[in-house]
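All of the numbers you see were taken from the coordinates with simple rules; none came from a lab. Fair warning: this is a prediction, and the values are worked out from it, not measured in the lab. Methodologically, a virtual Cβ is constructed for each residue, glycine included, from the backbone with ideal geometry; neighbour enumeration extends over all protein chains shown.
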Amino acid sequence: MTRLLLLLAVLAGLGGVLGWLAPPRADLAEFLPPGRTPASAFLLRELQSGAATTLLLAAIEGAPRAELARLSRETAAGLRASGRFGFVGDGSLRLEESEQALLFRYRYLLSPETRPEAFTAAALRPKLEALLDGLRSAASPLLARYGFADPTGAFLGLAAAWLGESHVAAEDGAWFAPGEVPRVLLVARGQGAGLDAEAQRLAIAAFRAAFAAARPPPGARLLLSGPGVFAAEAAATIERDVRRLTLLATLLLAGFLVWRFRSLAVLALVAVPLLAATLAGYAAVVALYGSVHAIALGFGVTMLGVVVDYPILLLTLRRRDEPLGAAATRIWPTLRLSAVAAAAGLLAMVGSGLPGLVQTGIFAGAGLLVAAATTRWLLPRLVPEEARLLARPMHLSLATLRGRPLPALAVLAAAAAVLLATGGPDRQRDLAALSPVPAAQQALDAELRGQLGAPDVRSLFVIGPMATEGEMLQRAEALGAAAQALVARGLLTGLDLPSRYLPSPALQASRQAALPEEATLAAALREAAAGLPFRPTAFDRFIAAVAESRGLQPLDLATLAAGAPTIAARLSPLVSRHGAEIWGIAPATGVADPAALEAGAAGLGLPSVLFLDVKLELERLLAAYGRATLGWALAGAGVVLGLLVLGLGRFGRALVVAAPIGGAVLITLAVLTLLGEALSLFHLAALLLLAGLAIDYALFLAAGRATPGEAREDATEDATQDTTLGAVLTCAVSTLLTFGMLSLSETPVLHGIGLTVTIGVAAAFLLACAFSPRGPQRRPGRGS
Amino acid sequence: MSATRRALLLVPFAFPALAAEPTLEQVMQGLAGVRARRSRFTEDKVIPELETGQPNEGTLLWQAPDRLEKHTTWPIDERVAVAGGRLTYERRDRGVKREFALAEQPEMQALVEAVRGTLAGDLAALRQHYEVGFSATPEGWRMVLVPRSLRVRGAVQRITVTGQGTELRGVNVEGGGGVDRMRIAPAE
C-alpha cells in the first residue's frame, strides 16, 4: 500500500515537472490547421490574428433610456482612458478638432470630386448659390465656418461619406439599438491579436471595470461579445464544464468502484495506469511538437478514459486465490491486443491533418500502450500477495443476453435501415457549431452585429500580397473600378475598399494635377460669383488652400493613423501586414450568391486579387479535413481488423470480435441521426474512442470462454463467463458514468463526445454480449 | 381704509420692482414663471464675406421645460425645433427634414442653449455652457454669454441677450467676424 501511494506521488511529481518544463499552450491559433490554398491560408491567419478578432461588441440594457445614455458615455470615456483600446465607438462619434484640421488640409487630395471640371466657373456657380442659400438658414454658423474655404463642399462630402453611414440612431451621445427594449451599443477595438487569450482577458476586464466605474444602477447589465470574448468565454466554459463534470464523474466512478471492490485501495490502483498514461501521452506530444495544446490535453485525457478499464479488468478477472501477477500474465494476450487495436484505431486522428486532432491522437495512442504495460508489469508488484482485492460477485440476469446473435443482427439491420433511409447524420458544415462557444453567446453576437449594422464579414476580396502600401491601394482602386461590372450584374451591392479612406499616392498626385493654377481659379470664381453678393476677398482662403494642396506630399497611412484616429479606425481593419507583405481587405455587401460572385470575381482577371467567402472556404476546409479523417478512419478500421485476425488466429473469431465494434459504431450513428445531431470532427474522434472501448468488451467477452490453461468443467466455465461479464459490465458502467456526465455539458463539443460515447458504449456492451458464445449450460440466478 | 391709503400700503412691495435694477436671479425667476410664449422675430445676419446683410423673420415658440421652435417664414421657410437633446431641422421648400442629437452640432447647441436656458430661467444650465455676465438698468437687463468650450468659441464668440422684465427683446450672436442680430417682440 505504501509502495502504491509512493508511486502515485512520484508519478504526480513527474507530471508536475513535465508540466513546468513544457506548460500546455492555450493559444487557440495553434489548434487550428494551416491553410492549404492561398485563400484559406489568408483566412485562417486573419481569423487568428486579424483586426476583426480584436473587436468587442457591447450592449447595456436594463435601465431607463436616459440612464443608459449616461452609462454608455461614461463607460466609453473609461475605455478611452484605459489606453487598452485603439478605438472606442459610441454615439458620440465625431471628428476631433485636430483630426478635422488634418482631413480639411488634405480635402482636395482625398475627395473623389477633385477633377479639372469641378473648378470651372460653370461648376462653381451652383455651389456659390447653394452656399448663399445656406447662409440664410439656421445652419449659417456651420456654413460660414467651412463654406468660404471650401465652397465645392469637398470636406463635408468626405465627412458624410465616411461617418454618415451608421445604421444606429444616436441619441443623447449614445447608440440606441432599434427595438422595444431600450439598449445602448458600444464598439471597441482592442490592441493585440484576437486569439491571444491573455490580451483578450485584460481587454474584457478593462471593459467590465469601465462599466462598473460608471456606477450602473441595480438591474443594468453589460453584455459583451466578439471573437475575444468568445476565446475567453470558450476557455472559461470548457474549464468550468470540465471541472464540474469531472468532479461529479470522479465521485460517481469512485463510489461505484469502492462499492464494487469493497476497498479504497482500488482507487489508487486504477489511478496508476491513468496517471502513467497521461504522463506518457504528454511526454510523447512534447517530444514531437515541443508543447501540448491545452485542448489536445483535455481531449487526450478524456480519451484515456479507456485505460480505466485495464486495471478494472485485471482486478475483476482475477480468480479467487490467484496471485495478481498470474492474472496479469493470463489476460495479457487479450489486453495487449485490445490496447494495440485501440491505439491503431486512433490512426484517423493522426491522419486528419488538423494539428489539434493529431496531438490528441498521439497523446491518447501513447497513453493507451503505456497504460496496458503498466497494468501488466507494474500493478501486480504494487499489490501485496495477501491483499484481498476481489470484485463483489454480481447476480447477473444479463447473462441471458449472451449468445444471441440473431436479435442483435436484427437491431443492426434496423440501424442500417435508419442510416440508409435518412442518408446518415448531417455533416456539420458550420464552423460555429464546432466552436466551444455556447450557442446563446453566438446568438447574442449575431444580434449585436445586426443591430450595429456591422454584420459578420462573410464575403470579401483580398488584395495582395503587395510590397508597398501604394501598390496595395492602387490595386484596390482598380478592383473598385472593375467591381462596378459585378455590381451592375447584381452580384453585390457594394465594396468597402481601403482606398475609400485613403486614395493611393498615384491617385492623390493625379488629383493634384487636376487642381487649377491660382490665377485660373481666381478668374473662374470671379465669373461664378457675378451678380452674387460675395465680397471680392470672400474666397481667398479657398484659393490659398487649392494652391497649398498642389504642393502637398500625398497623405500616407502612418500620417493618417497618427493624425486621424477615427478614420484610421475605419481603415485599419481593411489593411493587414504580414512581415514585409501588405494586404488589403475589401468586404462586400449585399452578396446573395457567394458562389456566383466567386465565379464573377475570377472573371475579373485582376492579378493579386482573390475573392474569399469565409463560410464557403471554411466549409471546403472542413470537408477536406472530414474526407481525410474518414479515409484514415477506414484505414484504421482495416488495421484493427488485421490486428484482430493476427491476434486471434482465425478470421471467424476476429469477425465475432469485430462485429460488436462495427455494430456499436453503426447503432451510434443511427441514434445520432434520429436525435438530429450533426456530425462533426469531434463526433468522429468520439467514435474512435468508442471503437477502442468496444474492442475491450468484445475481446474479453469472446476470450472469456477459451482462455488457455483454463479448466474445462462446465461449472467453472459458466462461472468464468459470469466473471468476465461482470468485469466488462464494470468497465461499461464506469465509462457510462464518466461520459454520461460529459453528455450533460453545455459545450457543444463536449456534449457531442459525451453523447456519442454514452450511446456507443451501451450498444457495444450489449452487442458484445449478444455476439459472444454462450456456455453449454446456463444456470440462471446463480451466484457464489 | 381709503383707496389711497391702501395703495400707499402696497408701495413698499411694488417699489423694488419699479425702481431698483433687478438682479440676475430675479430676472431668471421671472422668466421661469412664463411657461409658454409665442413671439415674432426679425433677424439680420452680417457675414463679413458678404456685401449685404441677410434679413429674415418668423416666429419663436417656447414651451417649458425644454421645447423651443424657431420658424422662419421669410425669405425662406425653415423650421428648427428642439426638444430635450434632439434637434429637428426642416426646410419644406427643399423637402429637407433632418433630425440629430444637439450634442453632435456644438455650434448649434451653443445658440440653442443660450435662448432656451434664458427662456427657462435656468441659470445653472446657462452657467454650464457659458460664462454669464449681467447688467441691468431700470429700462431693462442685459446678459452676456461667453461659451466655455474652446471649440464652440471658434464659431461663436459672444451671445448678448437683452430683455425687459419677463420679456426677451433681442439676441445678438457674434462669431466668425460677423454678427447676427435678432429682435424679438411678443406675438399677438
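Residues B:H71, B:H129, arranged from fewest to most other Cβ atoms within 10 angstrom of their Cβ, appear as B:H71, B:H129. Close lysine pairs were tallied over the protein assembly as shown: pairs 8 or more places apart or on different chains with Cα atoms under 28 Å apart number 6.
If R0 is 56 Å, the Cβ-Cβ spacing of B:S149 and A:A410 corresponds to a FRET efficiency of close to 0.10. Expressed as a whole number of Å, what is the distance separating the alpha-carbon centroids of region A:64-117 and region A:647-691? Computed from Cα coordinates, the inter-centre distance equals 59 Å.
Compute the label zone of B:E99 within region B:37-66: residues whose backbone N is under 19 Å from the point 7 Å along Cα-to-Cβ. Once the point is set 7 Å along Cα→Cβ of B:E99, B:63, B:65-66 turn out to lie under 19 Å by backbone N, inside region B:37-66.
Counting Cβ atoms of other protein chains within 10 Å of each Cβ in B:101-108 and taking the mean gives 5. The magnitude of the dipole of region B:21-186, with charges of +1 and -1 set on the Cβ of Lys/Arg and Asp/Glu and taken from the Cα centre, is near 360 debye.
Projected over every direction and averaged, the convex hull enclosing the alpha-carbon atoms of region A:207-313 yields 10.7 nm².
With a cut-off of 13 Å between beta carbons, the residues surrounding A:R535 carry a summed charge of -1, where Lys and Arg count +1 and Asp and Glu -1. For the protein assembly as shown, the calculated P(r) over all alpha carbon pairs, in 20 Å bins from 0 to the bin holding the longest distance, is 11, 31, 25, 17, 11, 4, 0, 0 percent. Across region A:286-382, C-alpha contacts under 8 Å between residues 6 or more apart give a mean separation that, scaled by the residue count, equals a relative contact order of 39 percent. Basic side chains Lys and Arg get +1 at the Cβ, acidic Asp and Glu get -1 at the Cβ, and with that the dipole of the protein assembly as shown about its Cα centre reaches some 2540 debye.
Against chain B, whose longest principal axis is taken from its Cα atoms, helix B:3-19 shows a tilt of about 40°. Short-range pairs are left out: with C-alpha atoms under 8 Å and at least six residues apart, the relative contact order of region A:102-158 is 50 percent. Rounded is the label for region B:21-186, because the ratio a/c of its alpha-carbon gyration tensor axes (a ≥ b ≥ c) stays below 1.5.
Cβ crowding within 10 Å, taken as a proxy for footprinting-reagent exposure, orders B:D122, A:D593 from fewest neighbours to most as A:D593, B:D122. For region A:591-710, a crude dipole built from +1 on the beta carbon of Lys and Arg and -1 on the beta carbon of Asp and Glu, taken about the Cα centre, is about 560 debye to the nearest 20.
Can you tell me the FRET efficiency between A:L6 and A:A446 if r is taken as the Cβ-Cβ distance and R0 is 45 Å, rounded to the nearest 0.05? Show your work: numbers first, answer last.
Working: r = 55 Å, r/R0 = 1.22.
Efficiency, rounded to the nearest 0.05: 0.25.
Evaluate the relative contact order of region B:21-186 (contact order divided by residue number), counting alpha-carbon pairs under 8 angstrom at least 6 apart; express in whole percent. This gives 22 percent for region B:21-186. Put the Cα centre of region A:503-530 next to the Cα centre of region B:72-120 and the gap is 35 Å. Ordering A:E322, A:E97 by the number of other Cβ atoms within 10 Å of each residue's own Cβ, fewest first, gives A:E97, A:E322.
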